[in-house]
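The values are calculated or read from the model by the stated rules, or taken from the named source; none is laboratory data. Quick caveat: nothing in here was measured; it's all calculated off a predicted structure. Here Cβ is always computed from backbone atoms with ideal geometry, including for glycine, and neighbour counts include all displayed protein chains. We work out accessible area using only protein heavy atoms, side chains counted, and drop any ligands, DNA or RNA first. Shrake-Rupley method; radii C 1.70, N 1.55, O 1.52, S 1.80 Å.
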Amino acid sequence: MGYLSQKKQQQRENIFCLVMMAVLTLLTAGSFAAPGFRIVFFNLFHLYCLSGMLFVYALWRQRYKTALFFTGVLLISYTILSSTTNLFLSDHFKGKLSLEFSFDDDRTLTQDFASSDILASGSVIFNRHTADYIVIRRPAPLTLMRVDFRKAAKNDYPQIFKQLSDFILTQDNPVIVFGEFGVPAWSKPFKHFLEVSGLTVKNRLLFTNGPSYNIFSTPGFYVLGFQDMGINDIVVRRKDSKTTVLIKASFNPALS
């Protein structure tokens, strides 16, 4: 490559890096002020991925000062994400008991359990959105709730999470809530709900929207559980336009 060609390439790289640094600065400021922000499909998780790729690019091009900037963005986005959710690995827990359940539009929550193990079942309306729940006796007394808030409007979520936390706090048994929440766990109303309810996200990030994997979708499927609980395995199966999530959980029974 001739001198002029190298000079032009260097100029293009300089412009590209400056533009990316400016864009990431704005996006980082927005995510720091409001972690649940999104621009079309772009959200905090995508900022984390983009900053990681740009960091690798800067190292490859031996632009170490630029790589340092992208490292800062990567650390900020990772810190915000990891404060509420797991990224690539679910919380593994080796408990005394195990439990298997699934999220499937074609199955009801009661179909995952023998009728003799179900103490109670029903549904609760959270700001016009219905969620099913069951109370089981075996392998230990637990309350499981399956939610699907994908059709909820943005303004509905503060009230949805307020009513959901009120329901959880009235339960005598440990509670597991799972399903499609429609918003990421790092959004403001979701974070507040986790703080009030005492539940935490147990699963790694899952992209369940659509018939195939799509990194540009907003992760909204979560398994929320109590302290002495984790996930040994979680599998997403896609067939045609339907998605099924199979969960194998492990936990210790609550002390009586």
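Looking only at segment 125-141, count how many residues are assigned to a strand (DSSP E or B) and exposed (fewer than 15 other Cβ atoms within 10 Å of the Cβ). Explain how you work it out, then say what you get.
We begin by selecting, within segment 125-141, every residue assigned to a strand (DSSP E or B); these are 125-126, 129-136.
Filter again for exposed (fewer than 15 other Cβ atoms within 10 Å of the Cβ), leaving 125, 130.
Residues that pass the stated criteria total 2.
Among all positions in segment 80-97, there is at least one residue which is modelled with pLDDT under 90, touching a Leu at 6+ places or on another chain (Cβ under 9 Å), farther than 30 Å from residue 11 by Cα and not in a loop (DSSP other than H, G, I, E, B). Before we move on, is residue 144 open to solvent by less than 20 Å² (accessible area, probe 1.4 Å), closer than 16 Å to residue 225 by Cβ and among the aliphatic types (A, V, I, L, M)? In short, yes. Within segment 44-78, if we keep just the residues that are closer than 22 Å to residue 220 by Cα and among the hydrophobic types (A, V, I, L, M, F, W, C), the residue that is most open to solvent (accessible area, probe 1.4 Å) turns out to be 76. Scanning segment 140-161 for residues that are farther than 15 Å from residue 178 by Cα and either in contact with a helix residue (DSSP H, G or I) (Cβ under 8 Å, 6 or more places away or on another chain) or touching a residue at least 60 places away in the same chain (Cβ under 8 Å) (or both) gives 140, 141, 152, 157, 158. Within segment 30-37, one or more residues are open to solvent by 60 Å² or more (accessible area, probe 1.4 Å), modelled with pLDDT under 90 and of a type in the set (A, V, I, L, M, F, W, C).
Within segment 96-111, residues that are touching a residue at least 60 places away in the same chain (Cβ under 8 Å) have Cβ atoms under 6 Å from residues that are open to solvent by less than 70 Å² (accessible area, probe 1.4 Å) and part of a loop (DSSP other than H, G, I, E, B) in these pairs: 96/252; 97/139; 97/140, counting only partners at least 6 apart in sequence or on another chain.
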